[in-house]
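To keep things clear, I will list the structure first and then write my remarks on it.
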C-alpha cells in the first residue's frame, strides 16, 4: 500500500506519541530532507510553528544537519525524513544520525522497500504518479502527520475543521487541475524563450514558490530562477522588476494574503509578465476559514505541476531530462 | 554613541536577563527584520540554534510576523529587531506587536533618535559608514548579543574563545579588505555585462550569499540573481550550471565547509565563471577552531562590500541608485 489514509496516520502517530512519553515527551520537531522534499516539509514547519504552544520546529536541509545539529536535538526530538526514492544519501545519513542521537524518526517514502524506511521507527507513504489525487501528495501527508501530532500532544481546537479540510481539498485540486489546463499550456507558449523566471509567495506558499524555482525551472527546464518571499520583495529584489521580467505569483488565502496582494500590485504596475496562480480563484475557499491557509500549498503545487508540464511541452524539453543529476559524479 | 562595545553589550543583556526572570525566563528568541537586516540576523539564529540546549530560535521576515505569530510567542519571548534607518515600517510594526504580546524587545539601529529605538526596551547601535571596522558591523553586534545572552542564561563553555574572537576579527577584516582590493575591481570588470549571477554558501554564510544576492546584485545593481544553499545545490539548482553562468562562492571555515567544497568541485568541473571568496584564505583561521565558524559571516560580508563596489564601478551604476525604493509608492 503506497497510500497512507488518515486513520492509519492517526494510529501511527499514536504509537509515536506513546513511545515519546517514555523519554519525557517531545519538545522539538525537526524536518530533514533535500530539495523538493525539503520544500514539501515547509507546510509542516509552518503549521506546527504557528499552532503549537510548546514545540521548537525546524526544517533543515539534510546535509546541513549532517554537519551541524542543534544542541537541543536528541531524545526529545521527533524527526520527519522524506525522500521519494528512499535512497537520497544525504537524507539517509541524516536519519541514521538522528537515530544515533536518540531521536524518534518517521520516514516518508514512495516505495515500501525504500532504505530510508528501514532506518525509521515508523513509515508513511505517498505517491507522485500522474493522475494521483491530492490525498497521496506529500504535502497532504505531512500536514496530516503534523495535525495528528499536535492534537494528540497539546490538543488542537481546529482538529475537526482540519479533518473536513482533508476530505474537501481532494475535489478542490481535481477541479483546479481541469480549470488551469488551457492556462498552463498558454503559460508554456508565452515563457518558452524566457531566460529568467522569478517566483513569489508568502506564508506556507513561499515553499511552493521555492520548489517551483529549484525543481521545475532550474532542475527540469534549465531556466534561471529565484524564489522571492513577498515580504522580502520590497527590501531589495523588487529593483529588478521591469516589463521584460516574468514573475509567477503563488497566492494563498489566509493571514499572509495581504503580503501577496501588495507584491501583486507592484508587479502589475511596473511589470508586464505576471502569471497569477490564486488559490482563492481556484476554489479553495470552500474550506473553513480557520484552516484554509494550511491547505493552499497542496492546491498550488497540484496546479504548479500543470504549468511545469505546459512549459516542458512548449520548450520541447521533457521534465525528466537531466544533464548532471544521476548522470555524473558529484 | 553609535558604537556598542562588548562591555556595554554585557551590561545591557544583564538587564534583559534580569527583567526576563520576572516572567519565568525566556524560552524563545525571535529575530525580526527585513531584507539585509533580516539576513544579518542569520548569524544570531545559527549561533543560538547550534549552541543553546533550551531555546527555540526563529529568524522571521518582519512583515510575515505581522501577519502570523508563533503560538509560543509572548511574555517568554526575547525579540531582536533591526533597521538601519530605524524607520522601516514593517519592522517598526513588528516591534510594536511584539511589545503588545508581552515580549521583551531589543532594537539594533544606527541612529540614536531612531523610532525603532523608542519602541524597544533596550537599544544597541551599529554603523555602516565607509571605513568602519568590523566591531561596529551589525553581524558583529548580533553575535555579541547572542553570545552574552547564552552565557548569562545557560552558561557557555566557549564564551572565552568567543571574546578572543571578537578582538581578533577586527584586524582579520582590515587585512582582508586590503588583500581583495585588486580582485574586487577585477571581479567588477569581468562581470559588468553578466545578466545573471548566482551566489552560494552554507551554514551561517548562506545568509551572506542571500544578502549579496538580494541587496547588492538585485537591489543595487539590478542584476538577476539567486542565492543557493550549497546543500540544496545538488537537489535541483545545479542543473543550470554551464560555462557561461557565474557563481560567487562564500566559503566558510567550520563544520559546513565540506558542503562548500563539494559545490566548489562541481562548479569548477562544469562551470568556468567562479569567484571564490574563502574565509580561510583571507586569514580567519587565526581564530580558535571552536568558534571560528561564527565569525565567518562578519569577514565574508566585509569583503562582499568590496566586490560590490568593484561591480558598481565597472558597471558605472552607483550602489545607491534606485528606481523604485523610496521613489515610488508600494
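The values are calculated or read from the model by the stated rules, or taken from the named source; none is laboratory data. Source: prediction; values computed, not measured. Don't worry about glycine lacking a Cβ; one is built from the backbone with ideal geometry, like all the others, and counts go over all protein chains shown.
Would you check which residues across segment A:224-264 are more than 7 Å from chain B (Cβ to nearest Cβ), crowded, with 23+ Cβ neighbours inside 10 Å and farther than 21 Å from residue B:90 by Cβ and list them? If the condition is that a residue be more than 7 Å from chain B (Cβ to nearest Cβ), crowded, with 23+ Cβ neighbours inside 10 Å and farther than 21 Å from residue B:90 by Cβ, then A:248, A:253 are the ones that fit. I'd like to know if segment B:197-208 contains one or more residues that are assigned to a loop (DSSP other than H, G, I, E, B), more than 7 Å from chain A (Cβ to nearest Cβ), in contact (Cβ under 8 Å) with a residue 40 or more places away in the chain and in contact with a helix residue (DSSP H, G or I) (Cβ under 6 Å, 6 or more places away or on another chain). So far as segment B:197-208 goes, no, none of its residues is assigned to a loop (DSSP other than H, G, I, E, B), more than 7 Å from chain A (Cβ to nearest Cβ), in contact (Cβ under 8 Å) with a residue 40 or more places away in the chain and in contact with a helix residue (DSSP H, G or I) (Cβ under 6 Å, 6 or more places away or on another chain).
If the condition is being without any contact (Cβ under 8 Å) to a residue 40 or more places away in the chain and either assigned to a helix (DSSP H, G or I) or loosely packed, with under 14 Cβ neighbours inside 10 Å (or both), then segment A:86-105 contributes A:87, A:89, A:92, A:93, A:96, A:97, A:99, A:100, A:101.
For segment B:66-84, indicate whether the set of residues that are outside the structural domain of residue B:293 (by TED's automatic domain parsing) and part of a helix (DSSP H, G or I) is non-empty. Yes.
Is it the case, given these coordinates, that residue A:225 is over 24 Å from residue A:143 (Cβ atoms) and in contact with a strand residue (DSSP E or B) (Cβ under 7 Å, 6 or more places away or on another chain)? The answer is yes for residue A:225.
I'd like the full set of residues that are assigned to a helix (DSSP H, G or I), out of contact with any strand residue (DSSP E or B) (no Cβ under 8 Å at 6 or more places or on another chain) and touching a residue at least 24 places away in the same chain (Cβ under 8 Å), limited to segment A:149-163.
Initially, segment A:149-163 is screened for residues assigned to a helix (DSSP H, G or I), giving A:149-153, A:159-163.
Add one more test, that the residue is out of contact with any strand residue (DSSP E or B) (no Cβ under 8 Å at 6 or more places or on another chain), and what stays is A:150-153, A:159-163.
Selection gives A:150, A:152, A:153, A:161, A:162, A:163.
Of all residues in segment A:63-82, those being farther than 14 Å from residue A:101 by Cα and facing chain B (nearest Cβ under 7 Å) number 2.
Could you tell me whether any residue of segment B:268-281 is more than 8 Å from chain A (Cβ to nearest Cβ), within 17 Å of the chain's Cα centre (by Cα) and either part of a helix (DSSP H, G or I) or surrounded by fewer than 22 Cβ atoms within 10 Å (Cβ to Cβ) (or both)? The answer is yes, given that some residue of segment B:268-281 is more than 8 Å from chain A (Cβ to nearest Cβ), within 17 Å of the chain's Cα centre (by Cα) and either part of a helix (DSSP H, G or I) or surrounded by fewer than 22 Cβ atoms within 10 Å (Cβ to Cβ) (or both). The set of residues from segment B:300-330 being loosely packed, with under 14 Cβ neighbours inside 10 Å and away from chain A (no Cβ under 11 Å) comprises B:316, B:318, B:320. Among the numbered conditions (1) out of contact with any strand residue (DSSP E or B) (no Cβ under 6 Å at 6 or more places or on another chain); (2) closer than 28 Å to residue A:300 by Cα; (3) surrounded by 18 or more Cβ atoms within 10 Å (Cβ to Cβ); (4) more than 14 Å from every other protein chain (Cβ to nearest Cβ), the only one that residue A:119 does not meet is (2). On the basis of being assigned to a helix (DSSP H, G or I) and either outside the structural domain of residue B:131 (by TED's automatic domain parsing) or closer than 23 Å to residue B:314 by Cα (or both), does residue B:187 make the cut? Taking the combined requirement at face value, the residue satisfies it. Considering A:214, A:284, the condition of being at negative phi, within 12 Å of chain B (Cβ to nearest Cβ) and in contact (Cβ under 8 Å) with a residue 60 or more places away in the chain is satisfied by A:214 alone.
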